[in-house]
Amino acid sequence: MIQTAYRCPRCEQTVRGALSDVSFQMVCPQCDQSLAVAGDTLREGQIHRCVVCSGTDLFVRKDFPQRLGVSIVVLGFAASCVTWYHHQVIFTFGVLFATAFIDVLLYLLMPDLLECYRCHTQYRGVANLDQHAPFALETHEKYRQLAARTAGQENGHITTGST
Ligand SMILES: [Zn+2]
Ligand SMILES: [Zn+2]
């Protein structure tokens with residue numbers, strides 16, 4: 001069973017749901033928008049194209065909540081300030097080292113997830129994740145520019161319409 005989280009194309013709410021080989025239907029609980037899914041999307045527990053935008057460019061990344069990582073670093077830094085203030089130098093370095101260690105450990109323990117470059121839909125519990133490539137900045141940049149261009153075109157339409 002694959003768990004997915006995507007942004008509804010109609011109402012932009014985050015929708016969470018499960019996909020399986022047998023039945024596949026994603027309906028937004030907010031606006032009842034259902035997604036039409038191509039037949040080759042899901043095969044043997046693997047995602048072959050994005051459910052939401054049908055894009056085939058997907059990348060693997062750690063399911064690590066960035067906010068948690070930042071919180072740990074901030075906490076560690078705050079604690080080290082306290083020990084530093086009390087002239088406990090060894091303790092200060094100990095705290096900073098422990099903070100970094102916890103961050104790395106958590107990162108390693110976190111499972112992988114699959115994400116779509118174009119619409120950032122996330123898939124958890126996908127089989128054979130190693131068949132997908134890790135994050136590539138080049139591809140990310142391609143989609144970022146594509147999105148920027150699309151947004152620019154939409155703005156252009158508005159300005160030509162008003163004149
Ligand atoms: Zn919706
Ligand atoms: Zn997508």
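Every number here is computed from the coordinates shown, using simple stated rules; none is lab data. Here the structure is a predicted model, which means the values were calculated and not measured. Backbone-built Cβ (ideal geometry, glycine too); neighbour counts: all protein chains shown.
With θ taken as phi - 60° and the Karplus curve 6.51 cos²θ - 1.76 cosθ + 1.60 applied, the whole-hertz 3J(HN,Hα) list for the range 68-82 is 5, x, 5, 4, 4, 5, 5, 4, x, 5, 4, 5, 5, 5, 5 Hz, x standing for glycine and proline. Of the residues Ala148, Thr99, Ala18, the one whose Cα sits farthest towards the positive end of the charge dipole of the chain is Ala148 (charges of +1 on Lys and Arg Cβ, -1 on Asp and Glu Cβ, taken about the Cα centre). Computed over neighbours whose Cβ is under 13 Å from that of Arg16, the net charge equals +2, Lys and Arg +1, Asp and Glu -1.
The gain in end-to-end length when the Arg124 to Phe59 segment is fully stretched comes to 22.2 nm, 0.36 nm per residue minus the alpha carbon separation. Arg61 sits among other residues whose Cβ lies under 14 Å from its own Cβ, and their net charge, with Lys and Arg +1 and Asp and Glu -1, is -3. Approximating the spin labels as points 7 Å out from Cα along Cα→Cβ, the Val89-to-Phe77 distance works out to 2.3 nm. Potential lengthening of the chain between Tyr107 and Leu146 amounts to 11.0 nm, from the contour at 0.36 nm per residue minus the alpha-carbon distance. A helix-only calculation puts the chain at -14500 deg cm²/dmol for mean residue ellipticity at 222 nm, using -39500 (n - 2.57) for each DSSP H run of at least four residues, averaged over all residues. Evaluated at q = 0.08, 0.13, 0.16 Å⁻¹, a Debye calculation over the C-alpha positions of the chain (equal weights, vacuum) places log10 I(q)/I(0) at -0.39, -0.79, -0.98. In plain terms, the residue of Tyr123, Tyr85, Tyr143 with the fewest other Cβ atoms within 10 Å comes first and the most crowded comes last, giving Tyr85, Tyr143, Tyr123.
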